[in-house]
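Taking it in order: structure first as structure tokens, then the write-up.
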């Protein structure tokens, strides 16, 4: 059994169906774990570079799941629009790159999305809300002193309203308020935005900072 890191455990927790596409698969730890646990029946593993796909094939082969996986050298989801899948995971990439991958794919609108952006999480949330995706769930995971954000979304075709603060913290994170990580997470976002605010004096950032402070006062 492949043992996942805290970040990938959080990603795995949002997988709902039995056919996964793992974009930017790298070592293929996520699909290998899900296959070993019997949570999925098959997986398509993609990467834009042959090196990571070679590592992925080695992991899958060692786990004994060669017959349950297909490996595709491609940019994100390009060329997979006819693929049957229930879930799509995109982890370890920048938020802007993830939006670009989703923009170019119709299959993303038919699957349960599990997204773990490394940067620009607020821009990814904005893209999702503005383009008909509903954020069904969110969670936080801490690994090596870094807090990661995981976003679970599905396409509904309906745009949703949001505040700037919700883009930075996440609506579901605010609702759930992880008892262990949420305060630390708020502090992290507050500190990052405060640095920007001190450099720009942008009034919008000032309002977001005040709202985060109000949220933290209630914790």
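On the basis of being outside the structural domain of residue 12 (by TED's automatic domain parsing) and either in contact (Cβ under 8 Å) with a residue 60 or more places away in the chain or over 30 Å from residue 81 (Cα atoms) (or both), does residue 192 make the cut?
yes
Determine, yes or no, whether residue 114 is touching a helix residue (DSSP H, G or I) at 6+ places or on another chain (Cβ under 9 Å) and either modelled with pLDDT under 95 or not assigned by TED's automatic domain parsing to the domain that holds residue 22 (or both).
Taking the combined requirement at face value, the residue does not satisfy it.
Residue check: is residue 163 exposed (fewer than 15 other Cβ atoms within 10 Å of the Cβ) and under 22 Å from residue 212 (Cβ atoms)?
When the stated conditions are applied, residue 163 passes them.
Just wondering, is there one or more residues in the range 97-106 that are part of a helix (DSSP H, G or I), assigned by TED's automatic domain parsing to the domain that holds residue 41 and touching a residue at least 60 places away in the same chain (Cβ under 8 Å)?
Yes, the range 97-106 contains at least one residue that is part of a helix (DSSP H, G or I), assigned by TED's automatic domain parsing to the domain that holds residue 41 and touching a residue at least 60 places away in the same chain (Cβ under 8 Å).
Check whether at least one residue in the range 8-16 is surrounded by fewer than 19 Cβ atoms within 10 Å (Cβ to Cβ), more than 17 Å from the chain's Cα centre (by Cα), modelled with pLDDT of 95 or more and within 29 Å of residue 142 (Cβ to Cβ), and report yes or no.
There is no residue in the range 8-16 that is surrounded by fewer than 19 Cβ atoms within 10 Å (Cβ to Cβ), more than 17 Å from the chain's Cα centre (by Cα), modelled with pLDDT of 95 or more and within 29 Å of residue 142 (Cβ to Cβ).
Please work out which one of (1) farther than 21 Å from residue 128 by Cβ; (2) assigned to a loop (DSSP other than H, G, I, E, B); (3) touching a helix residue (DSSP H, G or I) at 6+ places or on another chain (Cβ under 6 Å) is the condition residue 38 fails and give its number.
Result: residue 38 passes all but (3).
Which condition from (1) out of contact with any strand residue (DSSP E or B) (no Cβ under 6 Å at 6 or more places or on another chain); (2) closer than 27 Å to residue 140 by Cβ is the one that residue 76 breaks?
With (1) out of contact with any strand residue (DSSP E or B) (no Cβ under 6 Å at 6 or more places or on another chain); (2) closer than 27 Å to residue 140 by Cβ applied to residue 76, the lone miss is (1).
Do we have any residue at all in the range 43-63 that's at positive phi and in contact with a strand residue (DSSP E or B) (Cβ under 8 Å, 6 or more places away or on another chain)?
no
Starting from the range 107-130, keep only residues that are at positive phi, then list their pairs with residues that are surrounded by fewer than 24 Cβ atoms within 10 Å (Cβ to Cβ) and part of a helix (DSSP H, G or I) whose Cβ atoms are within a distance under 9 Å, requiring at least 6 positions of separation or different chains.
120/95; 120/96; 120/97; 120/99
Residues are listed down the side, and each one gets a yes or a no for (1) in contact with a strand residue (DSSP E or B) (Cβ under 9 Å, 6 or more places away or on another chain); (2) crowded, with 22+ Cβ neighbours inside 10 Å:
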site: 86; (1), (2): yes, no
site: 94; (1), (2): yes, no
site: 98; (1), (2): yes, yes
site: 104; (1), (2): no, no
site: 108; (1), (2): yes, yes
site: 111; (1), (2): yes, yes
site: 114; (1), (2): yes, yes
site: 121; (1), (2): yes, yes
site: 129; (1), (2): yes, no
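Checking the structure you have, find out if any residue of the range 45-52 is over 18 Å from the mean Cα position of the chain (by Cα), in a helix (DSSP H, G or I) and crowded, with 16+ Cβ neighbours inside 10 Å.
Checked against the condition, which is being over 18 Å from the mean Cα position of the chain (by Cα), in a helix (DSSP H, G or I) and crowded, with 16+ Cβ neighbours inside 10 Å, the range 45-52 yields at least one hit.
The values are calculated or read from the model by the stated rules, or taken from the named source; none is laboratory data. These figures come from a predicted structure and were not determined experimentally. Note that we place each Cβ from the backbone using ideal geometry, even for glycine, and neighbour counts take in every protein chain shown.
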